[in-house]
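Encoded as structure tokens, the structure appears first; notes follow it.
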Amino acid sequence: MKKILFILIAIAVSASSCEKKFLDTLPKGLVIAQTTNDFRALLDNADTRYTYNLSQMSGYVDVVSDDSQMDSAWYDWDRNRLHAKNLYAFEKDVWLPDGAADDDVWKQNYYLNTLTSNILEEIHIATDNPKLQKQLIAEAKVHRAFAYLTLVNIYAKHYNSSTAATDLGVPIVKNPVSLPKLYRKPVQEVYDFILSELESAVADLPDKVDKLYSHRPTKASTYAILARTYLYMGNYEKALENANKSLAIQNFLYDYNEIYTGTPRPDGVVKLSRTTDDEMLLHKTSVKSARVTDYYMLDSTSFDNLYSGFQVIDEDSTVNFDLRRLLWFQGINLKGKMTAERAKYVFPRNRYGLDNAAVDYIPISTPEMYLTRAECNARLGNLQLAMDDVNKIRMNRYKTGTYTPMSPTNQSAVLSEVLLERRRELYGKELRLFDIKRLGLGVTHLMPGTNNPGFSVPANDPKLVWPIFYHNIELNPEIEQNPR
């Protein structure tokens, strides 16, 4: 298939539905890929100005989690985002015919799968640079594996070694051009595929790349994805091993005292971009229809309980020791006091200058690896090592001189501190729902615009799993729907 028709199909199919109208979204000016440089151009498609690219991954995932406590303005959204409102309210029916939204998360990740799968099918013709060819194969595998890790954690029950062989996962489509039936594979098979892709890729990747190319997978980011995968599987030894490998290559943490201009408001932060962020291991973003800064918000009680590093001076002023309170959230006045109805997460817009962008950055980053390592060490009984990583994060996030490192007492207490810091530091990264599922937690959402409980589900409730968009099932009736 040397004319590389697959490139056209990859853009159009969005294997989410195996849509038959291939020509509907064909981009203009395509070049037939024949050389490694041609394939390199395809794998460098991380431009967030376009709807489909290799960086966009998820959106509205954490409206299901306790990291989202919505205000009334959010809840009054129009029908284009009706599914997000229904997810937040744990409604039985999420994708309604009168809602205008499509499932861009499913569509984007299966687009990514289609593109990378077809690159893997055809790149054998590019023999001009064998070393680069191997690297490109590895990059495609990592992108594909990460897409499946995202999909299986949104649309399936959390991994459970006792039931993973029978729990429904997501379709695995290795050859999209053949338009196979989209039967859902077991969760275990999906995870086995993810691990196989990542493990076979890592040897042919560079340790790291110039930050200009932060969208390209590396050894550091691949070990990080492996660490996340094994953590979700409850294999703490392997998660620890891979977190250590990632941090051995790239372990930088910003000291927030050095990126803070001194202005007690979220725009008082030194600007970065995806090409200058030293904590970023792999550039990933929200989908264009769902910026995380639109829906991550907390009521004042939840906010103060989570980010408890502050001291009330009097009724008008508060001293904030945890600089994440000031730099990540909108709603605190110039005297440091929380005054808004909701503390709204705005860090990506300010840190990366994304006020007018269509997406927000949710990269794989070094802080996640420190906290993955900390959790694994806590669970494996290495309590001092676990607290060392927690203390390191906090020392870099609190005002200088306001945090006293903690010493381990017992395993339960250390694990609690680790999980608390994990929730704090990974806020806004579209990971909380996955932790809720794996930790067996329930969720209570406030009635939007109030401090009154509104909607709740217990641990392991089916409504913590996203339903599949009804139109995808209409086009592919072999796809089984998730119960709610």
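When the gyration tensor of the chain is built from Cα positions, what are the square roots of 5 times its three eigenvalues, in whole Å, from largest to smallest?
35, 26, 22
Among the listed pairs LYS208/LYS399; LYS211/LYS271; LYS185/LYS288; LYS185/LYS437; LYS131/LYS238, which are separated by more than 23 Å between their Cα atoms? Don't skip to the answer; put the middle values down first.
Numbers: LYS208/LYS399 31 Å; LYS211/LYS271 15 Å; LYS185/LYS288 28 Å; LYS185/LYS437 20 Å; LYS131/LYS238 29 Å.
In this structure, LYS208/LYS399; LYS185/LYS288; LYS131/LYS238 lie more than 23 Å apart at Cα.
May I ask you to list the aspartates and glutamates whose Cα is less than 19 Å away from that of LYS107, ignoring any residue fewer than eight positions away on the same chain?
The reachable aspartates and glutamates, counting only those whose Cα sits under 19 Å from LYS107, are GLU19, ASP24, ASP47, ASP62, ASP360, GLU430, GLU474, GLU478, GLU480.
Among 286-299, 334-347, how do they line up from the highest to the lowest mean number of other beta-carbon atoms within 10 Å?
286-299, 334-347
Multiplying the sequence separation of VAL457 and THR402 by 0.36 nm and subtracting their Cα-Cα distance, what value in nm do you get?
Length gained between VAL457 and THR402: 16.0 nm.
For the chain, what does -39500 (n - 2.57) per DSSP helix run (n ≥ 4), summed and divided by total residues, give at 222 nm, in deg cm²/dmol to the nearest 500?
Counting only the DSSP helices, I get -12500 deg cm²/dmol.
Over the chain, what is the relative contact order in whole percent, taking alpha-carbon pairs under 8 Å and six or more residues apart?
Normalised by residue count, the contact order of the chain is 19 percent.
If I take all pairs of Cα atoms in the range 180-324, what percentage of them are more than 21 Å from each other?
63 percent
For the range 353-392 and the range 262-320, what is the centre-to-centre distance using only Cα atoms, to the nearest Å?
A separation of 15 Å, based on Cα centres.
Just to be sure I understand the model, the point goes 7 Å from the Cα along the line to the Cβ. What's the resulting LEU179 to THR339 distance in nm?
Each label point lies 7 Å from its Cα, and together they span 6.0 nm.
Readers should treat all values here as calculations from the given coordinates under stated rules, not as data from a laboratory. Predicted, not measured: the structure shown is a model, and the values here were computed from it. Virtual Cβ from ideal backbone geometry, glycine too; neighbours counted across all protein chains shown.
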